[in-house]
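**Student:** If you scroll down you'll find the structure; I have some questions about it.
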Amino acid sequence: MYAKFVLQVRRGFFPKIPDPPKYPEKILFCGWRRDIDDMIMVLEAFLAPGSELWLFNDVPEKEREKKLTDGGLDIYRHMNIKLIHREGNAVIKRHLENLPLETFDSILILADESLEDSVVHSDSRSLATLLLIRDIQSKRLPHKDTKSTTLRTSGFSHGSWIREMQQASDKSIIISEILDSRTRNLVSVSRISDYVLSNELVSMALAMVAEDKQINRVLEELFAEKGMCIKPAEFYLFDQEELCFYDIMIRGRQRHEIVIGYRLASTDHAIINPPDKSESRKWSIGDVFVVISLGE
């Protein structure tokens, strides 16, 4: 079937903004996974030199080094990241207070392998750690004007403690690993953290590969440490410029990128492969685009 009309796609002029240089980052891992050595190798591949990775869990440091070495990681030959070990319990506030939580660019709360047999217990621990970290951050980080913070739900009072945690979330990114899909509502409604449903992701990937083994090559490309990235709208358009998604895809091609989706500044969820690509809309500088780029 052919389209009833010819789609007019405009290349137009867009900001010529070079990709920003990479800067060192400071990242915290709370908890311990059996594949944490693989996670460290992925970070080593794309983080800028001078970055720090703090490992905070109750596994003794000597035992950690042995586990990492057994997993094939050379802990003394990192070019880009420096490993910093701290021992403690992630659900004890005084242990967390010994960490410079206000200085981290990103914090990842892992589903600890010691609790992997109990999904509910593991998620409860992750949520407790999340709330403790946000509480500590909210007291250490400078507060913004409360008028600039908008709550997604009306269930919280104007002076609620959740507001302080949301302000802290603007300063530092926290990703919580959730095992039970029912737990995500507790995380998403508070808007103080993002989350990863690791079990659900694995199940979905296995189901797709079981149905068609060729899809495994697609998944490997999508989940590779390089290629997939999120870029601000200012790379592709001017504020309030009216364009359809096809227009943006063409501008991405001029940057040797494939634009596959977007997330509007006014929403919390990204749209991948939007169905109405020919529909024009006004975009804002606060929007972001999901792209595949060879240079990343």
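**Student:** Which order results if Cys229, Cys30 are arranged by neighbouring Cβ count within 10 Å, fewest first?
**Tutor:** Cys229, Cys30
**Student:** Quick one: 3J(HN,Hα) in Hz for segment 121-128, Karplus 6.51/-1.76/1.60 with θ = phi - 60°, rounded, Gly and Pro as x.
**Tutor:** Listing the rounded values in order: 5, 4, 5, 4, 5, 4, 5, 5 Hz.
**Student:** Once you order the gyration tensor axes a ≥ b ≥ c over the Cα atoms, which shape class does segment 226-293 get: rounded for a/c under 1.5, otherwise prolate or oblate by comparing a/b with b/c?
**Tutor:** rounded
**Student:** Shifting gears a bit: Spin-label point model (7 Å from Cα, Cβ direction): what's the Ile271 to Ser114 distance in nm?
**Tutor:** Taking the two extended label points, one gets 4.6 nm.
**Student:** Based on the Cβ-Cβ distance of Asn98 and Asp239, what FRET efficiency does E = 1/(1 + (r/R0)^6) give at R0 = 51 Å, to the nearest 0.05?
**Tutor:** Values: r = 44 Å, r/R0 = 0.86.
Computed FRET efficiency for Asn98 and Asp239 comes out at 0.70.
**Student:** Pairs Lys62/Lys213; Lys26/Lys67; Lys26/Lys62; Lys22/Lys66; Lys26/Lys139: which exceed 29 Å Cα-Cα?
**Tutor:** From Lys62/Lys213; Lys26/Lys67; Lys26/Lys62; Lys22/Lys66; Lys26/Lys139, over 29 Å: Lys62/Lys213; Lys22/Lys66.
**Student:** Give me, ordered by chain and number, the residues 5 or more places off Ile260 or on other chains with an amide H under 5 Å from its own placed amide H.
**Tutor:** Val290, Val291, Ile292
**Student:** Ranked by Cβ crowding within 10 angstrom, fewest neighbours first, how are Thr129, Thr267, Thr183, Thr69 ordered?
**Tutor:** With the fewest neighbours first, Thr129, Thr267, Thr183, Thr69 line up as Thr267, Thr69, Thr183, Thr129.
**Student:** So how long is each side of segment 56-145 along the principal axes, counting just the alpha-carbon atoms, biggest first, in Å?
**Tutor:** Dimensions of segment 56-145 along the principal axes of its Cα atoms: 48, 35, 19 Å.
**Student:** Taking 0.36 nm per residue of sequence separation and subtracting the Cα-Cα distance, how much length would be gained by fully extending the chain between Arg86 and Met208, in nm to one decimal?
**Tutor:** Details: separation 122, 0.36 × 122 = 43.92 nm, distance 3.92 nm.
Length gained, Arg86 through Met208: 40.0 nm.
Every number in this text was worked out from the coordinates using simple rules, so none of it is lab data. Just so it is clear, the structure is predicted and the values come from calculations on it, not from any experiment. In this analysis, Cβ positions are derived from the backbone assuming ideal geometry, glycine residues included, and neighbour counts consider all displayed protein chains.
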